[in-house]
Amino acid sequence: MGKKVLKNYDFVLLATIVAIALFGLLLVGSSTVSGQVTVRGLFSSSFFLRQLLWIVSGLGGMFVISLIDYNEWKRFALPIYLFNLALLVLVLFKGASAGGAQRWLPMGFFNLQPSELAKVFIIITLSTVLAKEGRSLDRWQDLLLPFAHVALPMVIIFKQPDLGTSLVFAAITVSILFVAGMRWLHLGVLSLGGLFFSVIAYLFLLEDYQKSRLLIFRDPWQDPTGKGWQIIQSKVAVGSGQLWGRGLFQGTQNQLDFLPVKHTDFIFSVLGEELGFVGAAIFLLVYLFMIWQILKVAMVAKDNFGRFICVGVAAVFSFQLLVNVGMTISIMPVTGIPLPLVSYGGSSFMATMLALGLVLSVAAHKDTSLF
Amino acid sequence: MKQMQLRISILRLVAALIVAVLLYNLFQIQVIEGEEWADIADNNRFRHLVQRAPRGRIFTADGVELASNIPCYEVALAFEQDPAKRQQAIDVLADLLGMEAEEIQNRLKKNHRRFEPTVVARNVDFATVALLEENKHRIPGLVVQINPQRVYPQKTLLAHVLGRLIDGKGVEGLERQWEDYLRGENGFSVIQVNAANSPVGEPVNSKPAVPGKDLHLTVDAGLQQVAQESLHRVLRKLREERKLEDAWTGAVVVIDPNSGRILAMASEPSFDNNVKYNYAWPDELPQKDTVRTYRDRVLNWRKPVGSTFKMITGLAALETGHVTATEKIRDTGSARISGQMVRNYGSAAYGYIDLPRALEVSSNIYFGTLGSRMGHELIYEYIDKFGMSGTASGESREGVMKNAGFTDIALDEQMYSLDYYRQMMKHGGSFYPGHTVQMSYGQLNEFTVMQMANYVSMLANGGIHYKPYLVEKITAADGEVVEFFEPVILAQHEFDPKALDVVRKGMRLAASGGQFRNLPFAVAGKTGTSEEAGKENHAWWVGYAPYDNPEIAIVVFLEHGGLGLRAAEVARDIIDYYFGLK
């Protein structure tokens, strides 16, 4: 630690993260303060204040975690895994429900969403499993243990039900296995199998409300005030932003409450409406830059454990970016997945900070002798 | 190790691909389709509300309100994006208003200005509005606006002339012709609403309504009342006492011969203008041809005018030297003139008579003789001088449309005279000298009552064709006079005063007895009885009073009224009222 850590510290990634988080804070402010927006007005929004609190404490936590050698976590892999399962089981029985799903544990001043933390935990424990010396992924049976490892928490989340987050688990697993050396043949077969399973799952495992919610995005006009409402209004918001946007705090879809859950899942609609295509494009490119930077850390990591962590985190960002932004413009179904770092919400933000802390730690503890 | 680097690079490309897909779609929606989505966003947030301008009122010369407005509720639907919500609103509205859902649907479809709510029902009473307000939550987009509603407080008074509205727009009568003045300008306010359909902030834009302008007519309400009542009473009497079963219709015009101001114009049967097209049909009326029966007999009807035409024949013959004031023609009661068998009423023979006497006794022999001397061209020349020429197709002999010159009501709601000669020529019929003879005592050609009023006025004033008019003054809501119409001279003919005097003398003689006894002044007049094949004759009376200093010209027409002198009773009622004799 010490000198070497600071010398290797990825300040570019850190700056990018801080910039995106502060930008998200501004959007949370815009989507929760109505009328003439002033600095005082922003600070009167409890959402804005809380998000500010998450950002300050989250960045602090991230920085602390980044200074600790990530390899320390390996030792606690089993307790973390069990703790993860315990939280997920607890939420099944004690969780607060909203929108037909039980996802939150009331924690007094905020609601903990264990499935958000579960993403980070599974990245740590799966990476631990796959980074074991001498593990090979050449044979079919080699895939069994990692799959079983992920399947257990994933099924519980699916039962909440939280289809979106369980799909994030799939993205994490496939990405890490891919980098860990899974064979192309296996990947191909599994992809086909996954596709087949999806169809089966759609037909037999999903509740009706999940089915209609999944497919309504193809034709939101069949229920424009019910299930299609948020999809339509979101697309109207994004589209009406045109090239330059209506101006920050000036979006009428946003300010007049036509946009639903705009500070959380549909925060990107506010961005699209108020800052237009130019704003959206700049944001997406900065976001892409962050993902590339995380994957760059994966390349220079000193060991596979660190590498897999970075790959898992990059997978979460990429997948959620696609599904969340895609949802606001009707090219993806509405699955209730937030936009990491930008959407309002404590659990999501803290989990994201934890994950990015690990990535920064991997960067800080890379083996410079290799280069 | 190398393999891992490669695979991480592949993941980077996947991430880049994701961003590329998103950017492509965003470009499509925001840049290419952006304007359409912005329109939809505006539709979301703006409501255009119309503030209806009260329509201009119509007054008689003495200030009686003929057309007015009362506040009424109008139910409208604001455009609702969501078809399901829209359908719900339509269904609930249809139910509560007792309308067909389809009808509401059609109205919505016809509204191409989505910012403005579509009017679903007008004239909704307060109780229904209260019911709608209670069910407001079930009717997304409901807008209740106050819409001034047209009423005609005097009901039947001048009903034929006032006209009517469809959807607030004049489509007939004065309401149509003066639409531009009466309509006023609707105001509007544009408000911003939020997702819950509640107004947010001050109206974005608004303009107050400008009320329509008021028309002030030349008609005197009292005289109009007398004309209508008298006409009605006399026709009823003819049916009941004379058994003239077809005597239901007729017309009266009273006009100022020195200006063309119309003082009264009545048509029978009349109707309550407020319920015009729900006619309460008189049970005893045999024919059920509503439109024909209620048609305005003053402007939109024409008939042969019988002996009331004889002043034209007389004046033409005197001025052109085909007869002199002193020449006497032998009247044998019946005679063959130019091959045409001519008979007086009752075949009465009057011996040798001059022109005034011929008018007094209404000799067909005398005027038939003048006609055969002059020929039809000369007669038509004089018809033209009195502004009464026209053809079956409505064209004048010079190719210019001519009617009485009255333009306060659209020309297509008025009839033109029928030129028998032109009609025969046009349709390849034959025209014989005998036709000229019949024409000279008022058969064959057909004229409107308004044209007859003109003609009598010109006899009274010496040949000035004043444009007959009804609208004298237009005022804005604040009372300011916007337009004032002075009398207009359409044509001025220098009739030979001596010839005119001879004709007038005949008219005085013709109106010296009967209905016109016991008057403090002399009256000029002429009865007429015209024939219609297979039907009862039409009764006419034309004239002016006082004889020495004409103040009013009168035309009375009783369709199938039998004898001309019966029309004189209506004229007497008018003279009595106008000169305050009763």
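For B:ARG261, the amide hydrogen comes within under 5 Å of the amide hydrogens of B:ASP256, B:TYR469, counting only partners 5 or more places away or on other chains and with H modelled in the peptide plane. Placing B:HIS538, B:HIS137 in order of accessible area, with the largest value first and a 1.4 Å probe, yields B:HIS137, B:HIS538. Within the full protein context, the accessible area of B:HIS427 is estimated at about 130 Å² for a probe radius of 1.4 Å. Per residue of peptide A:244-252, the mean number of Cβ atoms on other chains within 10 Å of the residue Cβ is 2. Rounded to the nearest Hz, the phi-derived 3J(HN,Hα) couplings of the range A:275-280 under the Karplus curve 6.51 cos²θ - 1.76 cosθ + 1.60 (θ = phi - 60°) are 10, x, 5, 4, x, 5, where x marks glycine and proline.
Here each label is just a point 7 Å from Cα along the line to Cβ, and for B:ILE166 and B:ALA16 those points are 6.8 nm apart. Between A:LEU358, A:LEU284, A:LEU203, the GNM of chain A built on Cα springs shorter than 10 angstrom shows A:LEU203 fluctuating the most. With each label modelled as a point 7 angstrom along the Cα→C-beta vector, the B:GLU245-A:VAL39 pair spans 9.9 nm.
What the phi angles of the range B:514-521 give under the Karplus curve with 6.51, -1.76 and 1.60, with θ = phi - 60°, is a coupling list of x, 4, 9, 6, 6, 10, x, 9 Hz, glycine and proline written as x. If you sort B:PHE579, A:PHE289, B:PHE367 by accessible surface, 1.4 Å probe, largest first, the order is A:PHE289, B:PHE579, B:PHE367. In this label model, A:LEU85 and B:PHE431 are separated by 11.7 nm, measuring between points 7 Å along each Cα→Cβ vector. Annotation: amide H of B:ASN194 within the under-5 Å range of B:VAL200, sequence separation 5 or more or interchain, hydrogens built in the peptide plane. For the residues B:ASP91, B:ASP272, a 1.4 Å probe over the protein chains yields an accessible-area ranking, largest first, of B:ASP91, B:ASP272. Put simply, the amide H of B:GLY250, placed in the peptide plane, has neighbours under 5 Å in B:GLU268, B:GLU559, leaving out anything fewer than 5 places away on its chain. With 20 Å² as the minimum drop in accessible area between chain alone and full protein complex (1.4 Å probe), the qualifying residues in the range B:11-27 are B:LEU11, B:ARG12, B:ALA15, B:ALA16, B:ILE18, B:VAL19, B:LEU22, B:LEU23, B:ASN25, B:LEU26, B:PHE27. Of the solvent-accessible surface of the range A:2-364, computed with a 1.4 Å probe and all protein chains present, 69% belongs to carbon and sulfur. Using the Cβ-Cβ distance between B:ASP548 and B:GLU327 with R0 set to 22 Å, the FRET efficiency from 1/(1 + (r/R0)^6) comes to roughly 0.25. For the protein assembly as shown, the per residue solvent-accessible surface stands at 42 Å², with DNA, RNA and ligands left out and a 1.4 Å probe. For the listed residue pairs B:LYS237/B:LYS535; B:LYS426/B:LYS526; A:LYS262/B:LYS136, the alpha carbons are over 24 angstrom apart in B:LYS426/B:LYS526; A:LYS262/B:LYS136. B:SER430 contributes an accessible area of around 60 Å² to the protein surface, as traced by a 1.4 Å probe with all chains present.
Only protein heavy atoms count here; under a 1.4 Å probe, A:SER330 has an accessible surface of about 20 Å². Both chains summed, the buried accessible area for B and A stands near 4200 Å², from protein heavy atoms and a 1.4 Å probe.
The mean count of C-beta atoms from other chains within 10 Å of the C-beta of residues in A:265-274, rounded to a whole number, is 1. Its DSSP H runs of at least 4 residues, each contributing -39,500 (n - 2.57), put the calculated 222 nm mean residue ellipticity of the protein assembly as shown at -15000 deg cm²/dmol, to the nearest 500. Taking N as the residue count of chain B, its C-alpha radius of gyration divided by 2.2 N^0.38 Å amounts to 1.36.
Across the range A:232-244, coupling constants 3J(HN,Hα) worked out from phi with the 6.51/-1.76/1.60 Karplus curve, θ = phi - 60°, read 5, 5, 5, 5, 4, 4, 4, x, 5, x, 6, 6, 9 Hz, and Gly and Pro carry x.
Where in the range B:523-567 is the amide nitrogen less than 13 Å from a point lying 7 Å along the Cα-to-Cβ axis of B:LYS237? Only B:565-567 fall inside the zone, counting backbone N under 13 Å. Beta bridges per DSSP, both residues in chain B: antiparallel share near 95 percent.
Stokes-Einstein diffusion of the range A:2-364 at 20 °C, 1.002 mPa s viscosity, Kirkwood radius from Cα pairs, rounded to a whole number: 101 µm²/s. Within 10 Å of the Cβ of each residue in A:282-288, the mean number of Cβ atoms contributed by other protein chains is 3. Report the residue, chosen from A:LYS211, A:LYS235, A:LYS74, that carries the largest GNM mean-square fluctuation when chain A is represented by alpha-carbon nodes joined by springs under 10 Å. Judging by the Gaussian network model, the answer is A:LYS211.
The values are calculated or read from the model by the stated rules, or taken from the named source; none is laboratory data. Just so it is clear, the model here is predicted, and its values are computed rather than measured. As a convention, Cβ positions derive from the backbone with ideal geometry for all residues, glycine included, and neighbour counts pool all protein chains shown. Keep in mind that these areas ignore ligands, DNA and RNA; they rest on the heavy atoms of the full protein, side chains included. Shrake-Rupley method; radii C 1.70, N 1.55, O 1.52, S 1.80 Å.
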